[in-house]
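Read-outs throughout are calculated quantities, based only on the coordinates presented, and are distinct from any laboratory measurement. Given the structure is predicted, the values throughout are model-derived calculations rather than measurements. Here the Cβ positions follow ideal geometry from the backbone for every residue, glycine too, while neighbour counts run over all protein chains shown.
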Amino acid sequence: MTSEIPPGRRLADLKQAARSFIYAHPAVRFCWIKVRQIQWLFRSPSSWLNGWLFDTWHGIESRKEQKLDGLTIKGPHGPEATGYGIIGSKVLFHALSSLKINFSDYVFVDFGSGKGQAVLLASRLPFKMAIGVEFAKELCDIALNNARTWRQRRKCGRLDFLWADVVDFEIPQEPCVIYLYNPFSGVILRRVLENILRSIALCRRDIIIVYAHPDYQQAILSLPNVESISKSLKYDYCAYRILPSSPSH
């Protein structure tokens, strides 16, 4: 007797196959990114006005479209990036407020931080530190300038933006909230997860991943020690806690 594959699993497998095909063909990937950008614009007809108001109010520049072609990229993983996207402040704050943690005990890390909007928004919460990791130098430079012109009061202890490849970034040996706004493919996500597991093995602590637009969440769910702690279909994010393995005797 053969067991039937659940419809949800079949759909997930089809989506994963489609994503693998897209990222294996640069021209298809380019078109897919453009379609996603157009979808984002039409989901919110007032998005341009809202973006202009946000930047003007906060004294930053985050909304201009930015192509990765021609930028100075750290490391060999440019083809694995999903492109520059604008985060939604409501998504970020809804996700962070769902964690039920003492922010002052945690370091906030944004992988693929772009022009720094997520890190700057997170700095309004009392994190121990907020770090942006970005592989495009020009975007990192804009983020540093945005940090200088940011008009909102900062509550986090320290703010930093690093020009680095995420696979080479050394995760702070403190409790962390790692934020992903769907910045790269599943290939890079798995490399990042391997680094997280190694880091936890060396220093047992709480690490939470907040993943917005979680196209490759299966890579996280396949980890041996992971628990889902919150999610929202409306805001399209999932949050997970990576648990340390039991110490060997």
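Just check the range 89-242 against the gyration tensor rule for me: Cα atoms, a ≥ b ≥ c as the square roots of the eigenvalues, rounded for a/c under 1.5, and otherwise prolate or oblate depending on whether a/b exceeds b/c.
Rounded, because the longest to shortest axis ratio a/c is under 1.5.
Could you list which residues have their amide H under 5 Å from that of Arg124, counting only those 5 or more apart in sequence or on another chain, with H placed in the peptide plane?
Residues meeting the criterion, in which the H sits 1.01 Å from N, are Lys155.
Which whole-Hz ³J(HN,Hα) couplings does the range 144-158 yield from phi under the Karplus relation 6.51 cos²θ - 1.76 cosθ + 1.60, θ = phi - 60°, glycine and proline marked x?
4, 5, 4, 5, 6, 9, 4, 9, 8, 5, 9, 9, 6, x, 7
Once you sort the root eigenvalues of the Cα gyration tensor of the range 185-241 as a ≥ b ≥ c, which label holds: rounded (a/c under 1.5), prolate (a/b larger than b/c) or oblate (the other case)?
oblate
Sum up the charges of everything whose Cβ sits under 13 Å from the Cβ of Phe161, counting Lys and Arg as +1 and Asp and Glu as -1, but leave Phe161 out.
0
By average Cβ neighbour count within 10 Å, what is the ranking of 104-111, 213-220 from highest down?
Averaged packing, sorted descending, gives the order 104-111, 213-220.
Per-residue counts of other Cβ atoms within 10 Å, averaged by peptide: what ranking do you get for 202-209, 161-168, 182-189, highest first?
Descending mean neighbour count gives 182-189, 161-168, 202-209.
Would you calculate the separation in nanometres between label points at Lys231 and Gln218, each defined as 7 Å from the Cα along the Cα-to-beta-carbon direction?
With each label point 7 Å from Cα toward Cβ, the separation is 1.4 nm.
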